[in-house]
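The values are calculated or read from the model by the stated rules, or taken from the named source; none is laboratory data. Please read all numbers here as calculations on a predicted model, not as lab measurements. Heads up, the Cβs are rebuilt from the backbone with ideal geometry, glycines too, and the neighbour counts pull from every protein chain shown. Accessible surface areas use protein heavy atoms only, side chains included; no ligands, DNA or RNA. Shrake-Rupley method; radii C 1.70, N 1.55, O 1.52, S 1.80 Å.
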Amino acid sequence: MISFRHFALRRGSRLLLSDIDLVIQSGWRLGVIGRNGCGKSSLFAALQGKLEGDAGELEMSGKLRLASVAQETPALPDAAIDYVLGGDEELAAAINAEAEAGERGDMDAMAKAHHRIEELNGYDGRARAGRLLHGLGFPPETHERAVQEFSGGWRGRLNLARALMCPSDLLLLDEPTNHLDLDAVLWLEEWLRRYQGTLLIISHDREFLDGVITHTLHLNDGKAKLYTGNYSAFERLRAEQLRQQQISHEREQAERAHLQSFVDRFKAKASKAKQAQSRMKRLEKLAGTEAVRAERPFSFSFPVPGRLPDSMLQLEDVSAGYAADPSSREGNDEVANIVLADVRFSIEAGERIGLLGPNGAGKSTLVKTLVGELEPFGGERKVHKDLNIGYFAQHTVESLREGASALDHLMDKAPGVATQVMRDFLGNWNFAGDRAFESVDGFSGGERARLALALIAWDKPNLLLLDEPTNHLDLDMREALADALADFDGALVLVSHDRHLLGLVCDSFWRVADSVVEPFDGDLDDYARWLKNRGSASKKAAKAGAAKPVVVEVVEVSPEERRRQAAAQRDDEKAARQRVKKIETRTSAIDTELAALEAQLADPATYNGPTREMMRLGQRQAELRSEKEALEGEWLTLMEQLEA
């Protein structure tokens, strides 16, 4: 499907990849891994035709449909769901053609467009776009919001949804889990496992890679080596290969030393000249196996806290949220948007707590309340006098001062400290030498995150509150962070979509859901199952009624009856899908007619005509809106039944 032959790739004067021979087969889910700067994103640019190879050949099928995530999102007035639907360009063009034909009254063109939409399975396109948005954490009420109203992180999710909406044979995803919550990561992982095309994915989330990929491509020192299996399999295979390489090198060096010793001793003796000559030839033929160069792992540590009180922080019967009107705060519940209620949460010395919960449930709200950034609307926040919080928020990296260096940021925190002391400290965080004087403007996202963590560590906190600290961090940096947190003497509260980090450093989990904060008795696999079953369980509970006990009667069912019931269920599902299709067709026609009516009503000439005609247009507009509202309600009910 994709082949590289003696392929080389250069960025400016730097040779990233050289002499690559590789074939990627159709249907593979390939994880592209390697240290930052090794050429992963440049390889993607070459596959997209944005970057030409320096040498060799890159061959791809001419009919290959390629999808990737856009890096920028324009501030569009379009609804989010329409923006996502536009990812399927053929479908979007057919829908627009149908609408334009309807406005012109061109029935032939409408019929052609309608047929094309049916060929593309387009009448459930809006529903598919809605499911993508829902899976990536967009509540239903946000689907019609304009793209320009979303923040940068949420626009990134819109771009991801748009890429997934696009029918493709090759899907390129570069760090798709950045800015996703754990529930969205789990959903994306499941979606990608069902993807039928060829997937190339760059990610620093090892658990995510393990759950998705079938092959691993490791870029290192300008070379690319292909491994079968997921990331964990790659680690095992590479470790064994490096071990065997080192054994071969040591064996060869021992033989080389033995041969050289013989040559040195006997080359001057005529009786041994032939033997010495023979050994010299053997020396020349030795393969020259390289020694394994130990990759120095990056490491750092959080300093030992000055004081470590037993009971650090408590929330007692706290209501937490945001003021709808900051000017009328005063703890007035009438202007409060309460996100969490009756929270009882305490942090003791040495505790390591991971916060779990669906997107938007209030994890960040809880962390901000613990920090003191949000004042409780009710209840009490109790803090020990020796508490020293180190807080990493999702916006911390963006808040670094542009134009300032790492040393400038540290001097802001400690103006009286000797420069050499600060430079030594920054050197421990890999900002050694002149790097300490470089502007953060040129730093990568990972380097900015590392600096933000260093600034937190300088204050010697005894409680770390970390909200998604791994965004932008590569695998080495994530491992270093996990090691540092494991050795940290203080307490920790962590929100992260990185399951590997959560599993390594957290001893207990709390779940934030449905305005409730409570201990979660289970591991991350249990949480994934809870999250998957949550929607269907809540629907069943709503139908049954909270006050009504459920009586389950076990009835023996014959195989014939099961087949009859299954057939009836398939018939019901088929009828529901046909009805959904009819509703979507009718809704599209209503939208077309409404657009024409609105154009008439906006025309001043309409009001110069008979009053009866103007009233008729207004009445027809009201009828269509009412019909559309009823159809949309029926559509939602049918979709819930089909999903269940």
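Things to note:
- Hits in region 472-513 - residues which are touching a helix residue (DSSP H, G or I) at 6+ places or on another chain (Cβ under 9 Å) and either not hydrophobic (A, V, I, L, M, F, W, C) or not assigned by the TED database to the domain that holds Glu316 (or both): His472, Asp474, Arg478, Glu479, Asp483, Ser496, His497, Asp498, Arg499, His500, Gly503, Arg511
- Across region 82-99, not a single residue is classified as in contact with an Asp or Glu (Cβ under 7 Å, 6 or more places away or on another chain), hydroxyl-bearing (Ser, Thr, Tyr) and open to solvent by less than 60 Å² (accessible area, probe 1.4 Å).
- Among the criteria (1) more than 20 Å from Pro305 (Cα to Cα); (2) out of contact with any Cys (no Cβ under 7 Å at 6 or more places or on another chain); (3) open to solvent by less than 10 Å² (accessible area, probe 1.4 Å), the one Gly354 does not fulfil is (2).
- Residue within region 41-59 that is part of a strand (DSSP E or B), within 28 Å of the chain's Cα centre (by Cα) and in contact (Cβ under 8 Å) with a residue 12 or more places away in the chain present: no
- Residue selected from region 623-644 under the condition hydrophobic (A, V, I, L, M, F, W, C), at pLDDT below 80 and open to solvent by 60 Å² or more (accessible area, probe 1.4 Å), by the criterion farthest from Gln569 (Cα to Cα): Leu636
- Test: residue in region 406-419 that is surrounded by fewer than 18 Cβ atoms within 10 Å (Cβ to Cβ), under 23 Å from Glu479 (Cβ atoms) and assigned by the TED database to the domain that holds Asp526: no
- Apart from one condition, Glu189 fits all of (1) under 30 Å from His500 (Cβ atoms); (2) open to solvent by 60 Å² or more (accessible area, probe 1.4 Å); (3) without any contact (Cβ under 8 Å) to a residue 24 or more places away in the chain; the exception is (2).
- Tally of residues being under 18 Å from Asp474 (Cα atoms), of a type in the set (Val, Ile, Thr) and surrounded by fewer than 22 Cβ atoms within 10 Å (Cβ to Cβ) across region 202-219: 1
- Scan region 100-140 for residues that are among the aromatic types (Phe, Trp, Tyr) and either in contact with a His (Cβ under 8 Å, 6 or more places away or on another chain) or modelled with pLDDT under 85 (or both) and the total you get is 1.
- Criterion violated by Glu447 - all others in (1) crowded, with 17+ Cβ neighbours inside 10 Å; (2) in contact (Cβ under 8 Å) with a residue 40 or more places away in the chain; (3) not in a loop (DSSP other than H, G, I, E, B) satisfied: (2)
- Conditions (1) farther than 22 Å from Thr585 by Cα; (2) under 20 Å from the mean Cα position of the chain (by Cα); (3) open to solvent by 60 Å² or more (accessible area, probe 1.4 Å): number failed by Gln148: (2)
- Condition met for Tyr195 (in contact with a strand residue (DSSP E or B) (Cβ under 6 Å, 6 or more places away or on another chain) and surrounded by fewer than 22 Cβ atoms within 10 Å (Cβ to Cβ)): no
- The set of residues in region 103-139 being assigned to a helix (DSSP H, G or I) and open to solvent by 90 Å² or more (accessible area, probe 1.4 Å) consists of Glu103, Arg104, Met107, Asp108, Lys112, His115, Glu119, Arg126, Arg131, His134.
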